[in-house]
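What follows is a single structure, written as structure tokens, with notes after it.
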Amino acid sequence: MPKQISKVMKYELKYLGEEDFYEMQKMLWSLQEDTREILNKTIQIFFHWDYTNKESLETTGKALNLVEETGYKDISGYVYDKLKSRYPDMSRGNLSATIRAASKKYRSSKVDILKGTMSIPSYKKDQPIILRPDGIRLHEREMIYTVELSLFSGDFKKKKAWKSNVLFQIKACDKAQKAIMQRLLSREYKLGESKLVYKKKKWFIYITYSFKKTDAKLDKNKILGVDLGVTYAIYACSIGEYGSFSIKGEEALEYAKRLEARTISKQKQARYCGEGRIGHGIKTRLSTVYSTRNKLANHRDTLNHRYSKAVVDYAVKNRYGTIQMENLSCIKKNTGFPKRLQHWTYYDLQSKIEYKAAEQGIQVIKINPKFTSLRCSQCGCIHKDNRKTQESFQCVECGYKDNADHNAALNISIPQIDLIIKEEMTSAKEK
Ligand SMILES: [Zn+2]
């Protein structure tokens, strides 16, 4: 699914308008002050309404009716009309955007404010002027970018007899700034609500732009075989394709072993510590053991999140629309992990991969893992002597040599591999 991504780019501005710059600057400062007042007043009105309503509920058991009290169906409309006449110079669009910004801020902390656990937000001096996207016009001529901002109301412009809105040159100095400008001009990027900011005696525009993250087209017929193991926590590759992805398992294994050793020694200590420890219950005595288990669980969680994200990212980047993994419920791996720790790590890692793959639209197929680690991915020969050690694979039939996990992952990536193996086994028996 395409994701909408929003970002902000900062540009310095140079005033180009018809008014004297010093005069214009005074007007902009006054707009900043107006913005601050509007933000604060909006929040106060919102709060006042909610507070009165709450009091009414508590004393009379009846909620107030907004339409009856104010004549408005929603409080924002009431605020807008109330403030419109008080701030006649500000562009109407920016006024409503400013009210919306305050309303959003208030709503996000409303519960705490009404409970009294948080004070009412208050906006300080030098507020950015909030710019509605439809009041921002970008232009380009011979690589010189300009922006026309609608900052003032129609009445104000008439009074000033201005022919246009306020014009600035946009200083796009570096490559990224230019690239974003170009994409905004070509409408590849969508312009969002932005800000006019006064900082260190200069004016800046903080342009918000957004775009849809286009999904690389996934190919359902491209299958990534993912083998979960110990030497390699993950080995992922695909038969007939170049490239592979792997993560060494040492980090997880070492940590687990270290913690396991500590847990055992603490269990022993705890059993014999007698009365010396505060509290006499078994729970207190074993609490350090539990905390070690928590640590292990947290560590596993962090690692598995990182690993699963990495392998799914690899699949997306290489357009794998399918991931095949072993069905863990019919597996008994000689893992080298302490027995107690074997299951959680594989199940957890696998379910995290499944979950993240689903998010990206990748289908996950579970295959029967029987003989995938003993089968030669090149000639199909299945023999227990193919795998002499945990790490290495060498085919007794064709001599193919490989890392054992890589060979297993290649097998896992073959479509319908469990059926193929079944056939290969029956024909081998017949011989
Ligand atoms: Zn072979």
Kindly list the number of the only condition in (1) exposed (fewer than 15 other Cβ atoms within 10 Å of the Cβ); (2) among the acidic types (Asp, Glu); (3) touching a Lys or Arg at 6+ places or on another chain (Cβ under 6 Å) that fails for Glu188. (3)
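Out of everything in segment 400-431 that is over 21 Å from Ala233 (Cβ atoms) and of a type in the set (A, V, I, L, M), what residue ends up being surrounded by the most Cβ atoms within 10 Å (Cβ to Cβ)? Quick ask: steps written out before the conclusion?
Step one: filter segment 400-431 for residues over 21 Å from Ala233 (Cβ atoms), giving 400-401, 414-431.
From what is left, the residues that are of a type in the set (A, V, I, L, M) are 414, 417, 419-421, 425, 428.
Working: Ile414: 21, Ile417: 25, Leu419: 11, Ile420: 14, Ile421: 22, Met425: 14, Ala428: 12.
Only one residue tops the list, namely Ile417.
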For segment 100-139, what are the residues that are within 30 Å of Leu185 (Cα to Cα) and among the basic types (Lys, Arg)? Arg100, Lys104, Arg132, Arg137
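Before we move on, is Leu224 closer than 30 Å to Tyr307 by Cβ and either within 34 Å of the chain's Cα centre (by Cα) or assigned to a strand (DSSP E or B) (or both)? Explain how you work it out, then say what you get.
On the way: closer than 30 Å to Tyr307 by Cβ: yes; either within 34 Å of the chain's Cα centre (by Cα) or assigned to a strand (DSSP E or B) (or both): yes.
For Leu224, the condition - closer than 30 Å to Tyr307 by Cβ and either within 34 Å of the chain's Cα centre (by Cα) or assigned to a strand (DSSP E or B) (or both) - is met.
Which one of Ser30, Ser85, Ser6 is surrounded by fewer than 18 Cβ atoms within 10 Å (Cβ to Cβ) and without any contact (Cβ under 8 Å) to a residue 40 or more places away in the chain?
Numbers: Ser30 fails: without any contact (Cβ under 8 Å) to a residue 40 or more places away in the chain; Ser6 fails: without any contact (Cβ under 8 Å) to a residue 40 or more places away in the chain.
None of the other options fit; the residue is Ser85.
Which residues, counting only those in segment 57-79, are surrounded by fewer than 15 Cβ atoms within 10 Å (Cβ to Cβ) and either aromatic (Phe, Trp, Tyr) or in a helix (DSSP H, G or I) (or both)?
Step one: filter segment 57-79 for residues surrounded by fewer than 15 Cβ atoms within 10 Å (Cβ to Cβ), giving 57-63, 65, 67-69, 71, 73-74.
The answer is Leu57, Glu58, Thr59, Thr60, Val67, Glu68, Glu69.
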Considering segment 145-173 alone, what residues qualify as being exposed (fewer than 14 other Cβ atoms within 10 Å of the Cβ), of a type in the set (A, V, I, L, M, F, W, C) and farther than 20 Å from Ile205 by Cβ? Ala161
Write out, first by first residue and then by second, each pair whose Cβ atoms fall under 9 Å of each other, whose residues are 6+ apart or on separate chains, and whose first residue, in segment 33-53, is under 19 Å from Leu95 (Cβ atoms) while the second is β-branched (Val, Ile, Thr) and not in a helix (DSSP H, G or I). Asp34/Ile129; Thr35/Ile129; Thr35/Ile130; Leu39/Ile130; Asn40/Ile120; Ile43/Ile120; Gln44/Ile120
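Being within 20 Å of Val230 (Cα to Cα) and away from the ligand (no atom under 14 Å from the Cβ) is the filter here; which residues of segment 407-431 pass it? Spell out the reasoning first.
As a first pass, look at segment 407-431 and keep what is within 20 Å of Val230 (Cα to Cα): 407-413.
Scanning segment 407-431 gives Ala409, Ile412, Ser413.
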Do we find a residue being surrounded by 12 or more Cβ atoms within 10 Å (Cβ to Cβ), touching a residue at least 24 places away in the same chain (Cβ under 8 Å) and touching a Lys or Arg at 6+ places or on another chain (Cβ under 7 Å) anywhere in segment 132-144? no
Filter segment 33-49 for residues that are of a type in the set (Asp, Glu) and surrounded by fewer than 17 Cβ atoms within 10 Å (Cβ to Cβ) and give the result. Glu33, Glu37
Can you pull out the strands (runs of 3 or more DSSP E) entirely within segment 149-214 that have at least 3 residues that are β-branched (Val, Ile, Thr)? 202-213
Can you confirm whether segment 390-399 contains a residue that is within 16 Å of the ligand (Cβ to nearest atom), surrounded by 15 or more Cβ atoms within 10 Å (Cβ to Cβ) and either within 22 Å of Lys222 (Cα to Cα) or acidic (Asp, Glu) (or both)? no
Output for segment 194-217, where each listed residue is at pLDDT 90 or above and not charged (D, E, K, R): Ser194, Leu196, Val197, Tyr198, Trp203, Phe204, Ile205, Tyr206, Ile207, Thr208, Tyr209, Ser210
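The values are calculated or read from the model by the stated rules, or taken from the named source; none is laboratory data. Being a predicted model, the structure only gives us computed values, none of them experimental. Every residue, glycine as well, gets a Cβ built from its backbone with ideal geometry; the counts of neighbours run over all protein chains shown.
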